[in-house]
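*Asks:* My questions all concern the structure below.
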Amino acid sequence: MRISLLVVFVSTHCLVACDGNGGSDAANHEPQIEHRSAGDATVVDVTSNAFSAHSANMSEVSRIQKFNLGNDFFQNPWVAGSASTSSRDGLGGLFNNNACQDCHIRDGRGHAPNVSATEDGTDFSSALIRATRSNISETDKNMMLQSLKANVPDSSAGGQLQHDAVAGVMKEVDLRVSYIDVEMQFADGHIETLRQPSWHITNNYVSQGHAGFDQDTVFSVRTAPPMIGLGLLALIPETAIIAQEDPNDMDGDGISGRANRVWSIEQQAVSLGRFGWKAGQPSLLEQSAGAFVNDMGLTSRLQPDENCMPHQVDCLATPNGNGDSVNSYDYEVSDAILDAVAFYAAHLAVPQRRDAYGAQVQRGKALFQDAGCDQCHVARYDTASSSAHPELSEQSIFPYTDLLLHDMGEQLADFTLDNQPVSDTVLVEFLANGREWRTPPLWGIGLTKAVDPHATFLHDGRARTVMEAVLWHGGEAEESKRLVLQFNRSEREDFLAFLMDL
Ligand SMILES: [Ca+2]
Ligand SMILES: [Ca+2]
């Protein structure tokens, strides 16, 4: 039995991998497909454009008709509504930024503000803060558990704090961050210095006689994640994700991932959450519509209402961008534009790995597995069949995520008005509590700084390097971090060589 299995394996190896990619004499006899992280959609690029290419196997027709149109509306800024301008107006009243690309920089990620010796950080151009009430009624809690309701918004500023606004509208908040240094010591004495953030949020309505934030409001800082490979993540079969859940840690390994379940406006049903730092969005179409309305103040079929609270009369009075003197649309973002942007978001390719089978990278991969990183950062999936996205259909992919929520401990928790970490009983986004985060995919992470040297890691961007990100792991990942802290110098180098090769 063993022998015949081995024969099958070896012959698969020859069928699939004898294409000259990498040596065929690897220690294990698996076919070497891992360097192509996104299967046939993988691109070869190590430049600052590494995250901006379309799926390598995309047809010319799709590229010209949809990808380029989506790119245009992802990249170029939107302007305030007026009677005369184009299909790109209707920004605000309230917004965080005026172009998708200004947060998802070069189709990669954003960053937390940097600080100087004398000044706190105020550059929130690619980050935003959500606001959620924590002391909620049983009815509200049940609604969230049944996933009909993402959260209960702050009654002053709503569920997201917009730190910018069009002329004549009061922006909701002014934001600032300061950091203190925290030292982490490895077993061999090596020290890494991390920066622990304190977020300072000024509610501008207080100056207008408003009471300010509700006393029980909790805050969740989010930097923009990278845009690559998202259509492939959308096609990971739901069964494969659910099969990895272990909500009560039945297997006793200290890791208890669970899926977020969220309300899908498109499906009008509870669906598996996949996107966002807490997996609060079920699809790229809904994530894009959510970004348009919350981050930019742009309405669409899926999000027909502006992001203003009832008392924000200046926001409500902002001219909308529903068409111009010639055309009129029902919403500021037409269906054609929304579809094209979601298509674009599905098709940013993942770059090929540089040295996946090199000796040092292989040693680093073994250390990654020894430290249990792959219990959450699960390497491989096969995507479902899709006629809508043939390029992404039935691909073997290596995203390094389980798309599940994990309690990452107090240090990475969302926080209260007086800057205390929230407890794990506070629901922040559908079923995700204030200490839970979705395991982010690691594919492409080694090219992050090539794409944007200012990019930072983790949900709030506190980590300046990949190693800092690892050393912030706590909660369910505490044991993994403990094992990393035992690495000696050459092991650290191998470990990082693997991560930087992804
Ligand atoms: Ca608007
Ligand atoms: Ca708001």
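*Asks:* Return the residues of the stretch 120-161 that are in contact (Cβ under 8 Å) with a residue 12 or more places away in the chain, more than 20 Å from D174 (Cα to Cα) and away from ligand 2 (no atom under 16 Å from the Cβ); say none if nothing qualifies.
*Replies:* Selection gives S134, N135, I136, D140, K141, M144, L145, Q146, S147, L148, K149.
*Asks:* Among the residues of the stretch 254-303, count how many are closer than 24 Å to S125 by Cα and either of a type outside the set (D, E) or within 16 Å of ligand 2 (Cβ to nearest atom) (or both). Show your work before the answer.
*Replies:* Keep residues of the stretch 254-303 that are closer than 24 Å to S125 by Cα, which gives 275-281, 284-300, 303.
Filter again for either of a type outside the set (D, E) or within 16 Å of ligand 2 (Cβ to nearest atom) (or both), leaving 275-281, 284-285, 287-300, 303.
Selection size over the stretch 254-303: 24.
*Asks:* Just give me the residues in the stretch 61-82 being more than 19 Å from P304 (Cα to Cα), surrounded by fewer than 17 Cβ atoms within 10 Å (Cβ to Cβ) and either within 16 Å of ligand 1 (Cβ to nearest atom) or basic (K, R) (or both), in sequence order.
*Replies:* Answer for the stretch 61-82, where residues must be more than 19 Å from P304 (Cα to Cα), surrounded by fewer than 17 Cβ atoms within 10 Å (Cβ to Cβ) and either within 16 Å of ligand 1 (Cβ to nearest atom) or basic (K, R) (or both): R63, P77.
*Asks:* When you look at T425, is it part of a loop (DSSP other than H, G, I, E, B) and either over 17 Å from W277 (Cβ atoms) or of a type in the set (K, R) (or both), yes or no? Steps first, answer last, please.
*Replies:* Values: part of a loop (DSSP other than H, G, I, E, B): yes; either over 17 Å from W277 (Cβ atoms) or of a type in the set (K, R) (or both): yes.
It is true that T425 is part of a loop (DSSP other than H, G, I, E, B) and either over 17 Å from W277 (Cβ atoms) or of a type in the set (K, R) (or both).
Residue by residue, here is whether (1) free of Cβ contacts under 8 Å to residues at least 40 places away in the same chain; (2) buried (at least 22 other Cβ atoms within 10 Å of the Cβ) holds:
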{"position": "A349", "(1), (2)": "no, yes"}
{"position": "Q352", "(1), (2)": "no, no"}
{"position": "L367", "(1), (2)": "no, no"}
{"position": "S385", "(1), (2)": "yes, no"}
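*Asks:* Do we have D330 as without any contact (Cβ under 8 Å) to a residue 60 or more places away in the chain, within 16 Å of ligand 2 (Cβ to nearest atom) and among the charged types (D, E, K, R) here?
*Replies:* Details: without any contact (Cβ under 8 Å) to a residue 60 or more places away in the chain: yes; within 16 Å of ligand 2 (Cβ to nearest atom): no; among the charged types (D, E, K, R): yes.
Against the criterion (without any contact (Cβ under 8 Å) to a residue 60 or more places away in the chain, within 16 Å of ligand 2 (Cβ to nearest atom) and among the charged types (D, E, K, R)), D330 does not qualify.
*Asks:* If you don't mind, there's one more thing I want to ask. Considering each residue of the stretch 83-102, count those that are away from ligand 2 (no atom under 16 Å from the Cβ) and either more than 24 Å from E172 (Cα to Cα) or surrounded by 24 or more Cβ atoms within 10 Å (Cβ to Cβ) (or both), and give that number.
*Replies:* Number of matching residues: 7.
*Asks:* While we're looking at this one, here's another question. Within the stretch 289-311, how many residues are of a type outside the set (A, V, I, L, M), more than 11 Å from ligand 1 (Cβ to nearest atom) and outside any loop (DSSP other than H, G, I, E, B)?
*Replies:* Of the residues in the stretch 289-311, 3 are of a type outside the set (A, V, I, L, M), more than 11 Å from ligand 1 (Cβ to nearest atom) and outside any loop (DSSP other than H, G, I, E, B).
*Asks:* Something else about it: Give just the number: which of (1) under 30 Å from S300 (Cα atoms); (2) of a type outside the set (D, E, K, R); (3) more than 22 Å from the chain's Cα centre (by Cα) does L403 not satisfy?
*Replies:* Result: L403 fails condition (3) only.
*Asks:* If you check V177, V206, V169, which single one turns out to be over 30 Å from W263 (Cα atoms), within 16 Å of ligand 2 (Cβ to nearest atom) and either in contact with a Lys or Arg (Cβ under 8 Å, 6 or more places away or on another chain) or not in a loop (DSSP other than H, G, I, E, B) (or both)?
*Replies:* Numbers: V177 fails: within 16 Å of ligand 2 (Cβ to nearest atom); V169 fails: either in contact with a Lys or Arg (Cβ under 8 Å, 6 or more places away or on another chain) or not in a loop (DSSP other than H, G, I, E, B) (or both).
Going through V177, V206, V169 in turn, just one is over 30 Å from W263 (Cα atoms), within 16 Å of ligand 2 (Cβ to nearest atom) and either in contact with a Lys or Arg (Cβ under 8 Å, 6 or more places away or on another chain) or not in a loop (DSSP other than H, G, I, E, B) (or both): V206.
*Asks:* In addition: Taking the stretch 471-496 on its own, how many of its residues are in contact with a His (Cβ under 9 Å, 6 or more places away or on another chain) and polar (S, T, N, Q)?
*Replies:* Number satisfying all stated conditions: 2.
Only the coordinates and a few stated rules stand behind these numbers; no lab work does. What you are looking at is a predicted structure, and each value in this text was computed from that prediction instead of being measured. Every residue, glycine among them, receives a Cβ derived from its backbone with ideal geometry; neighbour counts consider all protein chains shown.
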